[in-house]
Amino acid sequence: MGNYYSPFPLRISEELMEKIKVIAVKHKRSANKEIEYALECYVEKYEKENGTIDVEL
């Protein structure tokens, strides 16, 4: 079975969303996948600086 992604409403400004869409097109991703990638990079950077975050799924 693949990954299960729980839906999460994200409220961001229209301007920020439009900028994300431009970046996503350049990376050949959907806006959703671009946001996911950005968040993964953010968490990875955080963990490098602060240690691994343990979560229960």
Output the number of residues of the stretch 24-57 satisfying the condition of being in contact with a helix residue (DSSP H, G or I) (Cβ under 7 Å, 6 or more places away or on another chain), under 15 Å from Tyr5 (Cβ atoms) and among the aliphatic types (A, V, I, L, M). 2
Kindly indicate whether Ala24 is in contact with a Ser or Thr (Cβ under 8 Å, 6 or more places away or on another chain), surrounded by 12 or more Cβ atoms within 10 Å (Cβ to Cβ) and among the small types (Gly, Ala, Ser). yes
Among the numbered criteria (1) touching a helix residue (DSSP H, G or I) at 6+ places or on another chain (Cβ under 9 Å); (2) at pLDDT 95 or above; (3) not in a helix (DSSP H, G or I), which one does Lys21 miss? (3)
Considering every residue within the stretch 8-16, establish whether at least one is of a type in the set (Phe, Trp, Tyr) and in a loop (DSSP other than H, G, I, E, B). yes
Name, by its number, the condition in (1) surrounded by 10 or more Cβ atoms within 10 Å (Cβ to Cβ); (2) not in a helix (DSSP H, G or I) that does not hold for Tyr46. (2)
Condition check for Ile53: at pLDDT 95 or above, of a type in the set (A, V, I, L, M, F, W, C) and not in a helix (DSSP H, G or I): yes
The lone condition Ile35 fails out of (1) touching a residue at least 24 places away in the same chain (Cβ under 8 Å); (2) at positive phi is (2)
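The values are calculated or read from the model by the stated rules, or taken from the named source; none is laboratory data. Only a predicted model underlies this, so the values are computations on that prediction, with no experimental measurement involved. We place every Cβ from the backbone using ideal geometry, glycine too, and count neighbours over all the protein chains shown.
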